[in-house]
């Protein structure tokens, strides 16, 4: 009887290091399941985050655990995958290893960089302190804390000007995140808050969405942009297009020449790719994204793939592909499959993005959907949005919890997670050091 | 037709200030619903917390929003109640007003202090940094972060001694909180973690419960203490009774003369009442609780009631009543009703505690219950515990979510909320600055 060939020992298998546990990195890891490689996925968070629903955590609709799952448990059944919690500080492409901030180094035969993007303040980094962006769970909890504290402060405030400023919320940026944030803040501050707070009526609250371009949701067809704008205005959001932000401070925003007194500004205007291009010594575009070839490999680095928000890849018509979860997922899968092919001696093919359509939600039972020839608005688009997001959410438990929570919120108009937590949450929310006695009872 | 008597205007109504939105304060507010008073409830958090389930947030079983609800929305329908977010710094009983840290003052005709307790380190405050206690949502999230980070660090650690220390968890204090924490950490670290982490087997992990007295759950009958100990030991918890903690540092606990190398210590050993007694200039017992009369009023202060963990009230047999949710609730209700009676000229009666029984859970499908003549252990006690806690949880939404989550966790052995979040969560969990290359792949 002939001896059966031994499977290669783990030590002899090619090592694939994937940096980033977002949509791109996870898709790459999964595409390598069952392949004769050792996969190591590194992320500085212990969880994969379903970013499309992050704005609902920021506006108290969902809890962090509803839209995040430990990367370890997502990959628990994939025997060739290891997960490392750590922060990558650089890549040595000559020695083929990834450096971590604690001094460890991860050697690789193939590398996938899926490190995503952070928000960018267009060089005005001093705005970061006053206008938090929305990329991580901690970002979302910080925004939730700010919005809820502004309402608490307004409830106890007797000075009309300060009260008005506390009840004014500005969202900068009219892309999907900005539109969704503005709609959700309007619902939270105007509807839920007016039930909880004695002195806050729906009419007291202003939500202003500032967009530098001529319309919101610029990536959507014009008709859907107009529908989104109408939807926001129905919720009471003031939409300012062709309006550029000139200054942001702790208690105001200057936009289009107008001074808006506000204590709560949310940044949804721009993103900057992670430093992957710098690590590799590559040319980057204006948003810091690494220039890669059609097969997602940078020129001269045949064992490195860059995917998702940190890669600049030309789409149809020569325009770079947008920073969407669907793009990252498909690119991650492409990179994983390409590595599996390389092991068998096959050169990687060109990446082709398959566009399944775009969705953005505006508020309760209102959304826009663009599926190319089919365009939806209103309740139909919203129902499609709900089904699509539940479908793509990782884990049966999260799908069930989020679905049940949405149903509950839809039926009751409640928002369950209106909690102010966090080490930097001031125990006392007052802005004015000395207020008249009895002020709390006057409300 | 005779003119109907006008209801008294809000301004003329007696003002009742309640400090604290826990079980005692909320019960007092609710007991005053419909009475001709203006109720102001002050708390430094915006939410009421169901503390009996806090250990499940600390061990990733539940999310913060599942066991907490905004005080405003709990009291939204009670028309005579106002909620103020603020930190009380003192009481001026002569001027009859409560001072807040922002300079505001709340005048009262009647005052209810329901300010609860914090954990106490018996004068060893330097232990606080290494052995966090469990009283607030932020405490629970900090413990969750520490436990999960210890597991992450252990997964990447190659030094056997350091690895052993990272996989050793010490719980100080064998009361209900300590027993519940030890059991839940054992389940998390031994069962869930061994699925997620490649190198952590159930046998690697040690959970040690240190109790200074002769038995755990000292307030329960001896037979139930013994059953709880057996239950913990079945989960792999090492129970050390008659064992006093002598020192706690970042990487060790010295208890009963033994040096235990550990990076994760949880404090469940003692509580200290809030400074209510000091505010009122009253005598306090060893735990800082204010001495009050049988009607819950301190001597010489007929318009002040002190309830819950911050009051020292004699129970049957002359022993002070324990710091339980049931005691706080009944005392809060008593104070509210007594104030309603005083308005009608009735002197308050003596408070009588009605003991409905005590429950403590040990782990999955295991608990002890003491209903006086009826004593339960094992699954029956656990089922009773589940039903009782769902019943007492505030809000239909929370009841539904917690019930569904428990069912899910019971059926799947999963723990959904295994997220490391928080501003002080180190992005990189390494303990050792320079570790050998390839260590992450060796796991």
Members of the stretch A:398-416 found to be under 16 Å from residue B:62 (Cα atoms) and outside any helix (DSSP H, G or I), listed by number: A:416
Checking residue B:265 against (1) under 27 Å from residue B:216 (Cβ atoms); (2) at pLDDT 95 or above; (3) surrounded by fewer than 24 Cβ atoms within 10 Å (Cβ to Cβ), the condition it does not meet: (3)
Strands (runs of 3 or more DSSP E) (entirely within the stretch A:12-70) containing at least 2 residues that are over 30 Å from residue A:420 (Cβ atoms) and more than 8 Å from every other protein chain (Cβ to nearest Cβ): A:15-19, A:38-43
Selection within the stretch A:94-111 - more than 29 Å from the chain's Cα centre (by Cα) and within 17 Å of residue A:282 (Cβ to Cβ): A:94, A:96
Considering residues of the stretch A:134-145 that are surrounded by 20 or more Cβ atoms within 10 Å (Cβ to Cβ) and assigned to a helix (DSSP H, G or I) only, the residue farthest from the other protein chains (Cβ to nearest Cβ): A:143
Given (1) modelled with pLDDT under 90; (2) assigned by TED's automatic domain parsing to the domain that holds residue B:17, number of the condition residue B:301 does not satisfy: (1)
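Restricting to the stretch A:419-430, give me the number of residues that are buried (at least 20 other Cβ atoms within 10 Å of the Cβ), modelled with pLDDT under 80 and either farther than 25 Å from residue A:48 by Cβ or in the same structural domain as residue A:149 (by TED's automatic domain parsing) (or both).
Residues that pass the stated criteria total 2.
Looking at the stretch A:255-294 only, could you name the residues that are under 20 Å from the mean Cα position of the chain (by Cα) and in a loop (DSSP other than H, G, I, E, B)? Walk me through it before giving the result.
To start, the set of residues in the stretch A:255-294 that are under 20 Å from the mean Cα position of the chain (by Cα) comprises A:264-276, A:286-290.
Matches in the stretch A:255-294: A:268, A:269, A:270, A:274, A:275, A:286, A:287, A:288, A:289.
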Condition check for residue A:169: part of a loop (DSSP other than H, G, I, E, B), at negative phi and touching a strand residue (DSSP E or B) at 6+ places or on another chain (Cβ under 9 Å): no
Members of the stretch A:359-377 that are surrounded by fewer than 19 Cβ atoms within 10 Å (Cβ to Cβ) and either more than 21 Å from the chain's Cα centre (by Cα) or assigned by TED's automatic domain parsing to the domain that holds residue A:32 (or both): A:365, A:371, A:372, A:373, A:374, A:375
Count of the stretch A:379-404 residues which are exposed (fewer than 15 other Cβ atoms within 10 Å of the Cβ) and more than 14 Å from chain B (Cβ to nearest Cβ): 5
Lone unmet requirement of (1) in contact with a strand residue (DSSP E or B) (Cβ under 6 Å, 6 or more places away or on another chain); (2) away from every other protein chain (no Cβ under 14 Å) for residue A:184: (1)
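Please work out if residue A:350 is outside any helix (DSSP H, G or I) and either in contact with a helix residue (DSSP H, G or I) (Cβ under 7 Å, 6 or more places away or on another chain) or assigned by TED's automatic domain parsing to the domain that holds residue A:222 (or both).
no
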Failed item in (1) surrounded by fewer than 22 Cβ atoms within 10 Å (Cβ to Cβ); (2) at pLDDT below 95; (3) under 21 Å from residue B:396 (Cα atoms), with residue B:61 passing the rest: (1)
Total residues in the stretch A:349-358, condition at pLDDT below 95 and either touching a strand residue (DSSP E or B) at 6+ places or on another chain (Cβ under 9 Å) or surrounded by 14 or more Cβ atoms within 10 Å (Cβ to Cβ) (or both): 5
Count - residues of the stretch A:119-130 that are within 14 Å of chain B (Cβ to nearest Cβ) and crowded, with 18+ Cβ neighbours inside 10 Å: 0
Residues (over 23 Å from residue A:149 (Cβ atoms) and in contact with a helix residue (DSSP H, G or I) (Cβ under 8 Å, 6 or more places away or on another chain)) located in the stretch B:81-106: B:90, B:91, B:93
Yes/no for residue B:380 being under 18 Å from the mean Cα position of the chain (by Cα) and modelled with pLDDT of 85 or more: no
Residue in the stretch A:78-93 that is in a loop (DSSP other than H, G, I, E, B), more than 9 Å from chain B (Cβ to nearest Cβ) and buried (at least 24 other Cβ atoms within 10 Å of the Cβ) present: no
Hits in the stretch B:147-169 - residues which are more than 12 Å from every other protein chain (Cβ to nearest Cβ), more than 16 Å from residue B:184 (Cα to Cα) and either in contact with a helix residue (DSSP H, G or I) (Cβ under 7 Å, 6 or more places away or on another chain) or buried (at least 22 other Cβ atoms within 10 Å of the Cβ) (or both): B:163, B:165, B:166
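The values are calculated or read from the model by the stated rules, or taken from the named source; none is laboratory data. What you are looking at is a predicted structure, and each value in this text was computed from that prediction instead of being measured. No Cβ is skipped: glycine too gets one built from the backbone with ideal geometry, and neighbour counts run over all protein chains shown.
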